[in-house]
Amino acid sequence: AKEAGKNQYQAFDKLSAIKQNRKLKLVSQLHHAIANNEFSLVYQPIVRLEDGVTVGSEALLRWTNPDNEAIGPDEFIPIAEHSGQIIDIGNWVLQQACEQCKAWHDAGATHHAMAINVSSHQLKDQHFAQRLADILASLSLPAECIHIEVTENIAIMEEQACVASLYRLSELGVQLLLDDFGTGYSCLSYLKNLPFDVLKIDKSFMPANNTIASTIIAMGHELDMEVVAEGIETDMCYAMLQKLNCQYGQGYLFQKPVPASEFDIYKQYKCSV
Ligand code: C2E
Ligand code: CA
Ligand code: CA
Ligand code: CA
């Protein structure tokens, strides 16, 4: 038994060494990713559930490394946060997504709202809101059309610098969305003290035939916040969310994330009910 335990321990050691090597490789590759044009953004429509109209999109980051591997953001974003590279990457995303939003406004979709994911590490930088303000000014893009998505996590509630950034962003006039709502911090009292405008229900609570989804939607209404549901994959789920008066949604039922060239800014999706 002692021998087996030792072998298990060695196997574990080997596995964590492999993981560590991969991380180190990705960190060194990420270093050149912007200069080498390895990043791109894909866009997924945000749909008004009442009538199926496309009201905006969420920008999602994609990376193809020099080994021609597509690495998912769920893998490389935490690594970039740990290494500090998230700041440069996040700035690149901000600039690109704002430029795309401007292009779609110029093409006639002046209502189009662009949702951009922002890491709490970016919010810690006290110049973050000013940087966004500068981009908006340079593009003459109205602040209301930018939706900043921040994942619910304890760092934001506790870091004064993050909270300060949220208030600056709110003053600037951008919309603030609390992403992955329901998966993180369980105390709700902070919600009243932070300037969030919209709750985004995590896809783990779909297909919405559950108490958590309906409770979050009801709570959002109670707090005068709009609610977006992510991960809508079926008509049944769409119908359920409509019945619960959830205002907005996104998911593979409507459209998977696509490059800007394939995105239809005027698409009206089939209304479920
Ligand atoms: P998220 O912000 O919660 O984004 C939603 C994820 O759900 C996306 O995964 C999206 O492609 C996926 N999704 C959309 N519709 C469906 C559906 O109907 N079913 C299912 N199962 N999934 C769906 P993705 O693109 O792999 O992104 C993963 C996470 O990486 C994001 O989660 C976000 O936290 C992070 N991320 C992506 N882009 C950025 C970025 O530019 N900056 C930062 N800081 N984080 C990003
Ligand atoms: Ca998001
Ligand atoms: Ca989510
Ligand atoms: Ca997330």
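General observations
- Values of log10 I(q)/I(0) for segment 28-129 across q = 0.12, 0.21 Å⁻¹ run -0.46, -1.11, by the Debye formula with one identical scatterer at each alpha carbon and no solvent.
- Between the C-alpha center of segment 153-179 and that of segment 68-110 there is a gap of 19 Å.
- Bridge orientation summary for the chain: considering DSSP beta bridges with both residues in this region, about 40 percent are antiparallel.
- Residue pairs, from the table Lys102/Lys243; Lys25/Lys200; Lys192/Lys270; Lys124/Lys256; Lys102/Lys256; Lys203/Lys243, whose Cα atoms sit over 29 Å apart: Lys102/Lys243; Lys25/Lys200; Lys192/Lys270; Lys124/Lys256
- Segment Val53-Asn7, length gained on full extension (0.36 nm per residue, minus Cα span): 10.8 nm
- Across the alpha-carbon set of segment 219-273, the Rg to Rh ratio works out to 1.02, Rh being the Kirkwood radius.
- Binned Cα-Cα distance frequencies in segment 123-171 - 5 Å width, integer %: 5, 20, 30, 23, 13, 6, 2
- Over segment 103-190, the ratio between the Cα radius of gyration and 2.2 N^0.38 Å evaluates to 1.15.
- Look at the dipole of the chain built from charges on Cβ: of Ala17, Val42, Ile148, the Cα furthest out on the positive end belongs to Ala17.
- Shown here are the Rg and Dmax of the Cα trace of the chain, at 20.1, 71 Å.
- In the frame of its principal axes, segment 83-145 has Cα extents of 40, 18, 15 Å, reported largest first.
None of the figures in this text is laboratory data; all of them are computed from the coordinates on show. What you are looking at is a predicted structure, and each value in this text was computed from that prediction instead of being measured. Cβ coordinates were reconstructed from backbone atoms using ideal geometry, including for glycine residues, and neighbour counts include every protein chain displayed.
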